[in-house]
1. Rounded, prolate or oblate: which one fits the stretch 227-364, using the alpha carbon gyration tensor with axes a ≥ b ≥ c (rounded when a/c is under 1.5, else prolate when a/b beats b/c, else oblate)?
2. May I ask for the percentage of alpha-carbon pairs in the stretch 213-262 that lie more than 16 Å from each other?
3. Find the percent of Cα-Cα distances in the stretch 117-252 that exceed 24 Å, and round it to a whole number.
4. How much of residue 302 can a 1.4 Å solvent probe reach, expressed as accessible area in Å² and rounded to 10?
5. Once phi is turned into ³J(HN,Hα) by the Karplus curve 6.51 cos²θ - 1.76 cosθ + 1.60 with θ = phi - 60°, what whole-Hz value does each residue of the stretch 7-24 show in order, with x for glycine and proline?
6. Of the accessible area of the stretch 169-308, with the probe set at 1.4 angstrom, what percent is carbon plus sulfur?
7. Let me make sure I get this right: for the stretch 177-277, a, b and c are the square roots of the gyration tensor eigenvalues over alpha carbons, sorted descending. Under 1.5 in a/c it's rounded, otherwise prolate if a/b > b/c, else oblate. Which is it?
8. For the pair residue 185 and residue 116, how long in nm is the line joining their label points, each one 7 Å along Cα→Cβ?
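The values are calculated or read from the model by the stated rules, or taken from the named source; none is laboratory data. Note that the structure is a prediction, hence the values are computed from the model and not measured. Please note: Cβ atoms are built from the backbone with ideal geometry, for glycine as well, and neighbour counts cover all protein chains shown. For the accessible areas, the whole protein counts, side chains as well, though only heavy atoms, and no ligand, DNA or RNA atoms are used. Shrake-Rupley method; radii C 1.70, N 1.55, O 1.52, S 1.80 Å.
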Amino acid sequence: GVMCRWRDGNQHRAEIIDRKPGPDGRPLFYVHYVQYNKRLDEWVDSGRLDFATAARKTAAHTLAEDPDESSTATPRKMTRNMKRKYDAINHVEKHSEDYGDSALAVLEREHEERTKVKNIQKVEFGRFLMDAWYYSPYPTEFTTDTLYICEFCLKYMKKRSTLLKHKANCTRRHPPGDEIYSHDDISMFEINASDSKLYCQNLCLLAKLFLDHKTLYYDVEPFHFYVLTQADEHGKHVVGYFSKEKRSLDSYNLACIMTLPAYQRRGYGRFLIAMSYEISKREGKTGSPEKPLSDLGKLSYMSYWTYEILTFLRSYKGNVSVRDVANVTCICEEDIVTALTSLNLIKYYKGQHVIFITPKLVLEHLEHFRPPPLAFHPESLHWFPRQPLDEDPHANPILRTLRSMDAPADGDDDDD
C-alpha cells in the first residue's frame, strides 16, 4: 500500500489498482482508499502518492500487532454488533472473502475483478456534472472521462458537441409510460419495460454508475420502472427511480432504487420508498426490498421503517403484535423485527416476538425524527392493480384493516 493525499488534504492509506499514462505522458495511478467505499476510488498522479511514509507506517503497524513486541497493548475485541455499527458509520463494504466459500463468493470475486476500475469518471446529465461512483457496463467504445447523457431520452454520447446536436432534435420532455402521480412539481411515471425496453436499459446503465452490486442491465422486460421527476419550464427532469418485478415470488416490492447524487439528501429516496409501500397497500400485500441493499439504501430503509412503525404505534391502543403492524404499514414482519430490534423495543418470549413499548417511549423515539422533507400524498397516486386480486378483498387482512381505518366514524356526514 501507499499513502495518498485525498481531496481533504489529509493522507490516507491506499492500494494501487491500476496505472496508465496521463495526457502529458506521466503515469496516473488508480487507487482504492483502504477501509473506504469503492465510490471514492480515483485516478491520481504520482505527486499525491507517498511511498516512503506508507512503508514506515506498515512496518510500525506490523510491529504493534506482534504479540511478542506488544504484550502490554491488549486492544478491545470488537463484537459483531460493534463491527456492524462501525461498518455502517464508515461505509465499509463487504469483500468476497466475507461471504465464505459459497457460490456467492465466487460471483463476488468475479464482480470485484471485473469492476475494479471505473470506466467512466464523470457524467453530464442535464444541468449537472456528477462524479461516477462505480463501474457501469456501457459499451467499450464509450469508456471515457466524461459521458454525456440526454436527461429526457437517456441516450448516451462521448462528446458534448454530439449531445448539443441531439438536444436540438430530441422532442421528449418527460419519461415514457403513464404518469401515475402528480403533486405540485413532483410526478411519477410507471414504465412497462416491455414497451420501453431501450429507455429502461439506459436507465439501468445510468443507475449502475452510482450502485455497486445491482446487475440488471439488459433483462429488463420482467420489470416495471417507477421514475420520479421534478418539473420546470423545460420539462420533467429525472430525479431517481425504483424498479419492481411484475411478479415476485419472494414478495419483493422493490428490486432496485437510486436517487441521482445531485438530488440526494432532499427526501427523494424516502419518497420512492413510500411509493413502493403505497403500491403494496393497494395490492393488499406486505413487501420488502430485494437484498442486498447498498449502504445508503440500508440507512434510508431503517429510517423509513422506524418512523412508520413508531407513527403507527403512537396512535394504537392496547396490545399490538408484529402482524398488526404489518397489516397497516405493509412492511414485512421480518423488517419490522429488524427495525424494532435496533431500538431495543422487541423481545423474543416463549417462541414469539413481543413488542415492549409505552406511549412515552414512542414519543421519546419520535423526537429524534424530523418530518419527511418531501411529503408523499397518497390521494395524488392514481394507480390500482391491473390484475384482479387473487382473493376476496374482505378476506384479505391488509385490505380489511386499511378499509376499516378509512371508513367514516359514526356520526360523520358523508355529504359535507
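1. Numbers: a/c = 2.19, a/b = 1.77, b/c = 1.24.
Because a/c hits 1.5 or more and a/b exceeds b/c, the stretch 227-364 counts as prolate.
2. 49 percent
3. 30 percent
4. Rounded to the nearest 10, that gives 60 Å².
5. 3J(HN,Hα) across the stretch 7-24, in whole Hz: 5, 7, x, 8, 8, 10, 5, 9, 10, 7, 9, 7, 8, 7, x, x, x, 8.
6. Values: 2610 of 5620 Å².
Here carbon and sulfur together make up 46 percent of the probe-accessible area.
7. Values: a/c = 1.42, a/b = 1.37, b/c = 1.04.
Rounded shape, in that the Cα axes give a/c under 1.5.
8. Placing both labels 7 Å along Cα→Cβ, they lie 4.5 nm apart.
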